[in-house]
1. Using 7 Å Cα-to-Cβ label points, what is the Ala587/Arg691 separation (nm, one decimal)?
2. Using a basic spin-label model with each label point 7 Å from the Cα along Cα→Cβ, how many nm lie between Ser31 and Thr576?
3. Might you tell me the accessible area per residue for the chain, computed with a 1.4 Å probe and given in Å²?
4. Applying 1/(1 + (r/R0)^6) with R0 = 41 Å to the Cβ-Cβ distance of Glu648 and Arg474, what FRET efficiency is obtained, to the nearest 0.05?
5. Give me the aspartates and glutamates in straight-line cross-link reach of Lys145: C-alpha distance below 16 Å, same-chain residues under 8 apart excluded.
6. Work out how much length Cys79 to Gln431 would gain on full extension: take 0.36 nm times their residue separation and subtract the Cα-Cα distance, in nm to one decimal.
7. I need the peptides 383-396, 562-575, 524-537, 402-415 ranked by packing, meaning the mean over residues of other C-beta atoms within 10 angstrom, with the highest value on top.
8. Output ³J(HN,Hα) for the range 376-392: one whole-Hz value per residue in order, computed from phi by the Karplus curve 6.51 cos²θ - 1.76 cosθ + 1.60 with θ = phi - 60°, and x for Gly and Pro.
Amino acid sequence: MQEDFHHLSIVVKGIVQGVGFRPFVYHLAKSLNVHGYVRNSTQGVMIEIEGPKKNTQEFLQKLSTEKPRCAWITHIQSCDKPVVGYRNFEIEHSTQSSMIDTVILPDMSICGDCLNEIFDPLNRRYRYPFTNCTNCGPRYSIITKFPYDRENTTMDVFSMCQDCRDEYTNPQNRRFHAQPNACHACGPHLQLLKETGEVISTHDAALCNAVEAIRCGEIVAVKGLGGFHFVVDATNEAAVKKLREKKQRFYKPFAIMYPNLQSVKNDCFVSQLEENLLISPESPIVLLRHKNDVYPWVAPQNLYYGVMLPYTPLHALIIHDLQRPIVVTSGNRSHECICTQEDYAIQTLGNVASLFLVHNRKIAHHADDSIVRVVMGREMVMRRARGYAPRPILLKRDMPSTLAVGGDLKNSIALSVANNVFISPYLGDLQVKTNYEAFCNNVSFIQKIYATAPQSLIGDAHPGYCSNYLLNERENVVRVQHHHAHILSCMAEYQLHGPVLGLAWDGSGYGLDATVWGGEFLEVNNADFRRTAHFRRFCLPGGEKAVTEPRRCAAGLLFEIYGEQVFDLDLPVWKTFSAHEKQILQAMLKNKINAPQTSSVGRIFDAVASLLNLCQQQEFEGQAAMLVEFLAEEKNCTAYPVALSKGEFMEIDWEPMLREIVDDITKGVCATTIATKFHLFLIEAAVRIARRVAIKNVVLSGGCFQNKYLLEGCIRQLRREGFSVYWHREIPTNDEGISLGQIYACYLQQNKGDL
Ligand SMILES: [Zn+2]
Ligand SMILES: [Zn+2]
């Protein structure tokens with residue numbers, strides 16, 4: 001025996017079951033000529049190998065670098081053992097599924113092998129829209145309970161034909177234990193329905209008819225992986241406009257699905273990382289800067305397209321037959337979650353779509369398309385759903401099971417089990433009845449599937465939040481202030497502990513002083529925080545109404561400085577109010593009736609959008625702020641002046657900035673300059689406060705940091721001053737991240753900052 005002959009004992013943990021991990025290990029061992037065996041255990045996947053040290057080391061390295069597409073490895077432990085003298089390498093079969101499931105895999109986009117099969121006329125899965133294997137296909141959207149076996153998925157009603165069963169039981173096959181395995185002979189199939197529910201055609205004819213309808217400019221509702229989408233030909237301006245008209249959605253960008261990477265590159269700038277994201281198993285919508293806005297009707301007034309590639313065989317077939325990009329947008333009634341059921345779809349989407357392409361594989365859980373963008377050369381998830389959820393965030397230590405119910409807008413919920421935090425997909429605005437129902441279902445499902453009764457419950461400090469109903473009359477309830485939770489959520493992503501300086505900038509959140517917060521600087525010491533600074537407050541005439549009407553934010557901001565004279569200023573914003581409206585507005589501001597006070601940066605953005613006459617009433621959240629962001633490009637600008645109050649508690653006064661903006665508008669300075677100087681003002685404010693507080697770690701969170709120009713500017717300037725800057729990666733910076741922050745508050749409390 002050679003001298004460097006070596007025995008390595010390896011344990012791999014994470015999502016390593018039902019993803020082709022053991023066949024992968026087998027082939028890797030064969031290729032490196034190492035001997036031993038692999039088997040599943042309650043500890044994870046156990047591997048014993050023997051061979052020359054060079055080979056065993058290479059094996060260990062390739063375990064993580066060449067892992068199967070869907071595997072998600074959290075730990076690899078290895079140790080040396082005495083040589084036993086194995087003769088070959090084997091997959092050792094456990095008599096039962098001894099692995100303890102703890103993690104549900106997200107749905108994954110179609111893999112290259114399956115893609116080849118559906119376009120190969122000689123393959124038995126030629127044009128089969130539900131083709132999948134261990135490297136791809138549905139997981140989360142079909143699971144009903146643990147363990148993840150076929151009978152515990154919505155595929156339980158289909159029994160495999162002999163060919164499929166042979167694949168399923170052969171450890172060498174890439175469909176070994178692929179739970180949703182199916183084919184033309186035994187699996188789900190398509191149907192094309194009229195808006196009345198009447199069947200027009202089935203199987204491939206349904207697909208062909210649907211494609212033909214899309215080609216002719218029809219709107220087709222397509223049941224995909226995690227719910228229904230409206231699909232129209234993106235190149236057909238009239239068709240897209242018809243969809244906008246019917247959805248009453250005139251500005252909100254639609255996502256575009258392109259046939260392939262090359263067609264994306266023709267229209268958009270694509271970096272290497274963006275390319276990797278587009279073709280990743282998560283297959284999210286990637287925000288890409290377009291080159292020359294060839295489809296302005298798809299994303300009006302926007303510098304970016306939300307782009308994705310076909311991620312299911314069904315989408316791949318549709319787009320292959322059409323040979324052009326399509327608009328793929330959530331099929332839902334406005335503000336509701338994406339729709340998952342045929343009857344509800346026909347009932348609620350029939351006024352938009354003329355045809356329904358459906359199938360008989362049930363969707364157990366809805367999942368919207370996820371959205372990512374690249375910031376500072378790094379991935380940043382903006383909406384976390386298909387492909388990402390419900391993959392856990394890992395904590396260093398175990399904690400008692402805790403359920404966090406999140407916030408009301410852009411809700412998600414989170415449950416901690418040992419050291420995993422499971423976060424639900426995006427659940428939307430809970431003020432909407434169907435979303436609240438989905439929220440309740442998720443709360444019970446998440447506890448049931450992880451077999452956990454949480455010891456404590458956490459919610460927002462807001463007394464009126466729907467999400468908090470669940471906490472009523474329960475014991476061990478913890479309430480975490482909204483912006484504190486934002487900062488904690490980002491800290492959780494990095495396993496940071498206090499002290500940190502947190503910049504929580506967003507639209508609004510319930511403050512602890514009866515005002516609306518949203519431009520906050522918090523010194524976070526784990527479970528406690530101190531509000532160190534905030535932007536100067538102003539009134540929001542009309543309260544909630546100001547959220548959708550940037551012109552009201554402008555009125556509030558202006559009134560704060562100019563008082564009643566403000567109505568005499570020659571500004572475009574006043575022309576948008578009728579004489580009667582102006583009267584009411586004046587009365588509200590003067591008498592402070594229905595005009596809550598806020599320090600929100602989001603609302604200051606809205607005000608600036610209104611002053612620049614970019615947007616007076618917004619159709620969707622963030623629309624006005626986005627228009628200001630898109631203008632901020634100018635080089636050689638300096639910031640509007642930042643005025644800071646003295647003393648320990650600091651207030652950032654935007655008055656000098658506002659006066660200069662009004663001046664600039666009067667002088668006819670171009671909007672790009674004003675927008676740029678405004679962004680630089682915010683960045684400067686961030687740096688000035690950070691300098692004064694002088695805490696090394698600065699954490700950025702809240703919806704305002706979806707703004708790439710603002711976020712990158714803050715990161716660069718703060719780094720230049722020597723700060724360590726943290727911003728979100730996999731958890732959205734908006735309110736979707738609140739539930740994780742709530743969990744992390746309890747985690748830090750329990751560990752007393754000792755991580
Ligand atoms: Zn596959
Ligand atoms: Zn079959």
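1. It works out to 4.8 nm between the two label points.
2. 5.8 nm
3. For the chain, the per-residue accessible area is 38 Å².
4. Here the calculated transfer efficiency is 0.60.
5. Result set, ordered by chain and number: Asp101, Asp107, Asp156.
6. Once the chain is fully extended between Cys79 and Gln431, it gains 121.4 nm.
7. Final packing ranking: 402-415, 383-396, 524-537, 562-575.
8. Running phi through 6.51 cos²θ - 1.76 cosθ + 1.60 with θ = phi - 60° gives 6, x, 9, 5, 9, 7, 9, 9, 10, 8, 3, x, 10, 7, x, 4, x Hz.
The values are calculated or read from the model by the stated rules, or taken from the named source; none is laboratory data. Everything numeric in this text was worked out from a predicted model, so none of it was measured. As a convention, Cβ positions derive from the backbone with ideal geometry for all residues, glycine included, and neighbour counts pool all protein chains shown. Just so you know, the surface numbers come from the protein's heavy atoms only, side chains and all, with ligands and any DNA or RNA stripped out. Shrake-Rupley method; radii C 1.70, N 1.55, O 1.52, S 1.80 Å.
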